[in-house]
Amino acid sequence: MFPTEPAAVNKGFIAVLKNRDFMLLWIGQLLSQLGDKVFFVLMVALLENYPPLPGLAQNTMYSALMVAFTLPAILFGSAGGVFVDRFPKKLTLVGSNVLQALLALLIAFLPRDFLILLILTFAISTLAQFFAPAEQAAIPVLVRKENFMAANALYSSTMMGALIVGFAIGEPILSLAKHWLGPDYGQELVVCVLYLVSGAAIQPINFKKDKSSAGDRRDIINPWADFKEGLRYLKKNRLVLNALLQLTTLYCVFAALMVLTIRLAAEFGLKEKQFGFFLAAAGVGMVLGAGILGHWGDKLHQKPLPLIGFLIMGLVLGVFSFTHNLLLAFALCALLGIGAAFIGVPMQTLIQQQTPPTMHGKVFGFQNHAVNIALSVPLAITGPVTDALGLRIVLVGMSVVVVSVGVWAWQNTRRVLQDVILK
């Protein structure tokens, strides 16, 4: 399907787009993340067919389903990375997809019991915690070091894009499936196919450099020891720990914006359900920023990209509450996305370059855990805080926090960071 990666002199997007194995991994990532988002929309849609448990109101059922979907990310976000260092990456990636597909299809044939739905939701979400760190650890195996920036630009833009638009396209896809394939199993079959095709895309990848299965597996049943080893490594490597902090801050901001844009839509005279326009504009900006880094990253690596990104995001958040022009608001969202790319892509590249292969799973598992918490907590607290303080105060407060984190992080790492990315 794709030619092999060109000689090392070729860099940027052209190199990674010609890298057959990386492109298969990217397709697998895209389909798997789409499957996760569509699956959650499916669970919400199916609730009307499930009788509530005694004493359980409809709103409580929605909350319980949300907890079942998000709790595995908090409980097992780090644990998944432990297994990445013990088992071949292909086995982890393909195996988790196949199991998710089977469980999703099983929903159509099991009794309409809400407790069963909760258990299956929890199980499928748990399997996703093994896919994410394995995928991140696969990039250094499949891509040459000089092309890490471009690979992470494509990876990050896809991940953020799935987060922003994935839920929006879930309902139309499921409606079409229900109409074309029937109401009995059509929707579940679509989710199943997304996971299976993701696994099928990853299966031909040649992980010839993958040494994860070569180590001693006698201590495989002691994941707690591996988790503590990963924490010790992060404490010693301040550069990687600092990069994780910056990524966590970035995802906190985007999670809060997912709530705030609902209020912003009303402020600009849009319907509340049209809040996705702001998120889509931010997604376009992030893709644009990723494109800039992917194509010209080797020329920009000596610039303080993360600091620039935080300053851009802080400026946008501070200005946003004082503008009343819709087109300007969309432009600001796009600029915010560019700033996010300037943070996320270099920091992810830095983590991959500075982490030894034997620690990939542990570090990326910890990163997955931190990012999941960063996405969950702001979703819960942003609404009440905005109700108490008001939209403008929250936006300005976020602006101050973002700039402060950016300046602090740069002051702590600038002596060693400037030449480490794409060195």
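The values are calculated or read from the model by the stated rules, or taken from the named source; none is laboratory data. Everything numeric in this text was worked out from a predicted model, so none of it was measured. Quick reminder, even Gly has a Cβ in these numbers, built from the backbone with ideal geometry, and neighbours come from all protein chains shown. Please note that ligands, DNA and RNA were not included when accessible areas were found on the heavy atoms of the full protein model with its side chains. Shrake-Rupley method; radii C 1.70, N 1.55, O 1.52, S 1.80 Å.
Dividing the Cα radius of gyration of region 294-380 by 2.2 N^0.38 Å, with N the residue count, gives 1.34.
A simple rule links phi to the HN-Hα coupling: the Karplus curve 6.51 cos²θ - 1.76 cosθ + 1.60 with θ = phi - 60°, which for region 29-41 gives 4, 4, 5, 5, 5, 4, x, 4, 5, 5, 4, 5, 4 Hz, with x for Gly and Pro.
Take the alpha-carbon centre of region 341-361, take the same for region 38-88, and report the distance between them in whole Å. When both Cα centres are located, 29 Å separates them. Taken over the Cα atoms of region 240-388, the convex hull encloses 113 Å³ per residue. Using a probe of 1.4 angstrom and keeping all protein chains present, the accessible surface of the chain works out to 44 square angstrom per residue. Taking only the alpha carbons of region 41-167, we obtain Rg and Dmax values of 17.3, 59 Å in that order. These residues, HIS360, HIS179, go from largest to smallest accessible area, 1.4 Å probe, as HIS179, HIS360. Classify region 95-137: rounded, prolate or oblate, from the alpha-carbon gyration tensor (a ≥ b ≥ c, eigenvalue square roots; a/c under 1.5 rounded; otherwise prolate if a/b is larger than b/c)? Here region 95-137 falls in the oblate category. Below 8 Å, C-alpha to C-alpha, sequence gap of six or more: please give me the relative contact order for the chain in percent. Rounded, it is 26 percent for the chain. In order along region 352-367, phi translates into HN-Hα couplings of 5, 6, 8, 9, x, x, 5, 10, 3, x, 5, 5, 6, x, 5, 4 Hz, rounded to whole numbers, per the Karplus curve 6.51 cos²θ - 1.76 cosθ + 1.60 with θ = phi - 60° and x for Gly and Pro. Taking a ≥ b ≥ c as the square roots of the eigenvalues of the Cα gyration tensor, an a/c ratio of 1.5 or more together with a/b no larger than b/c marks region 57-100 as oblate. For the residue pairs LYS18/LYS90; LYS37/LYS178; LYS145/LYS228; LYS18/LYS145; LYS236/LYS362, the alpha carbons lie more than 23 Å apart in LYS145/LYS228.
Residue-normalised convex hull volume from the C-alpha trace of the chain: 149 Å³ per residue.
Using the Cβ-Cβ distance between ALA123 and ARG238 with R0 set to 45 Å, the FRET efficiency from 1/(1 + (r/R0)^6) comes to roughly 0.75. Between the listed residues ASN49, ALA265, ALA255, the Cα displaced farthest toward the positive end of the dipole of the chain, a dipole computed from Cβ unit charges relative to the Cα centre, is found at ALA255.
Computed extension length for ARG112-VAL319: 69.6 nm, one decimal, from 0.36 nm per residue of separation with the Cα-Cα distance subtracted.
Subtracting the Cα-Cα distance of PHE268 and VAL377 from their residue separation scaled by 0.36 nm leaves 36.6 nm. Heavy-atom accessible surface of LEU389, to the nearest 10 Å², is about 100 Å², with a 1.4 Å probe and all protein chains retained. Working note: Cα atoms of region 337-412, range along each principal axis, descending, whole Å: 47, 26, 22.
The phi-based Karplus calculation (6.51 cos²θ - 1.76 cosθ + 1.60; θ = phi - 60°) puts the 3J(HN,Hα) values of region 86-103 at 9, 10, x, 5, 4, 4, 5, 5, 5, x, 5, 5, 5, 5, 4, 4, 5, 5 Hz, whole numbers, x for Gly and Pro.
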